[in-house]
1. Does Val39 satisfy being touching a residue at least 24 places away in the same chain (Cβ under 8 Å) and in contact with a helix residue (DSSP H, G or I) (Cβ under 6 Å, 6 or more places away or on another chain)?
2. Tell me which residues, restricted to region 5-22, are open to solvent by less than 100 Å² (accessible area, probe 1.4 Å) and without any contact (Cβ under 8 Å) to a residue 12 or more places away in the chain.
3. Has region 51-74 got at least one residue that is open to solvent by 90 Å² or more (accessible area, probe 1.4 Å) and hydroxyl-bearing (Ser, Thr, Tyr)?
4. Scan region 47-66 and tell me whether some residue there is under 15 Å from His6 (Cβ atoms), modelled with pLDDT under 95 and not in a loop (DSSP other than H, G, I, E, B).
5. As an exercise: evaluate Glu51 against (1) in contact with a Lys or Arg (Cβ under 7 Å, 6 or more places away or on another chain); (2) within 24 Å of Arg18 (Cα to Cα) and give the number of the one condition it does not meet.
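The values are calculated or read from the model by the stated rules, or taken from the named source; none is laboratory data. Source: prediction; values computed, not measured. Positions of Cβ are generated from backbone atoms using ideal geometry, with glycine treated the same way; all protein chains shown enter the neighbour counts. Just so you know, the surface numbers come from the protein's heavy atoms only, side chains and all, with ligands and any DNA or RNA stripped out. Shrake-Rupley method; radii C 1.70, N 1.55, O 1.52, S 1.80 Å.
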Amino acid sequence: MSNTPHELADEFPDLVDRMHALKVEDPRFARLLDEYHEVNRAVHRAETKIEPTDDAHMEVMRKRRMVLKDEIYGMLSA
């Protein structure tokens, strides 16, 4: 299990400029980014035991992060 944060700039380094442009242009995309960062921070805090959580909640958070990342990537690659 990795407790390295899954920052979008690290996940999609070649799309950082597009991410910034969409964040400025598209309020829905900006909200998705904000939600992704919020969930990602919560997962990271749980993984590093700063804010421990149970396995079921961790699974829900990880799945939500994955769904958000997929949706963000879809918008970036459209």
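1. Numbers: touching a residue at least 24 places away in the same chain (Cβ under 8 Å): yes; in contact with a helix residue (DSSP H, G or I) (Cβ under 6 Å, 6 or more places away or on another chain): yes.
Considered against the rule, which asks whether it is touching a residue at least 24 places away in the same chain (Cβ under 8 Å) and in contact with a helix residue (DSSP H, G or I) (Cβ under 6 Å, 6 or more places away or on another chain), Val39 comes out as yes.
2. If we filter region 5-22 for residues that are open to solvent by less than 100 Å² (accessible area, probe 1.4 Å), which is where we start, we get 5-9, 11-13, 15-16, 18-19, 21-22.
Answer for region 5-22, where residues must be open to solvent by less than 100 Å² (accessible area, probe 1.4 Å) and without any contact (Cβ under 8 Å) to a residue 12 or more places away in the chain: Ala9, Pro13, Val16, Ala21.
3. Looking for residues that are open to solvent by 90 Å² or more (accessible area, probe 1.4 Å) and hydroxyl-bearing (Ser, Thr, Tyr), one finds at least one in region 51-74, hence yes.
4. Just the residues of region 47-66 that are under 15 Å from His6 (Cβ atoms), to begin with: 47-48, 58, 61-66.
Pick out the ones that are also modelled with pLDDT under 95 and you get 47-48.
Next, only the ones that are not in a loop (DSSP other than H, G, I, E, B) stay: 47.
Checked region 47-66: at least one residue is under 15 Å from His6 (Cβ atoms), modelled with pLDDT under 95 and not in a loop (DSSP other than H, G, I, E, B).
5. Going through (1) in contact with a Lys or Arg (Cβ under 7 Å, 6 or more places away or on another chain); (2) within 24 Å of Arg18 (Cα to Cα) one by one, Glu51 breaks only (2).
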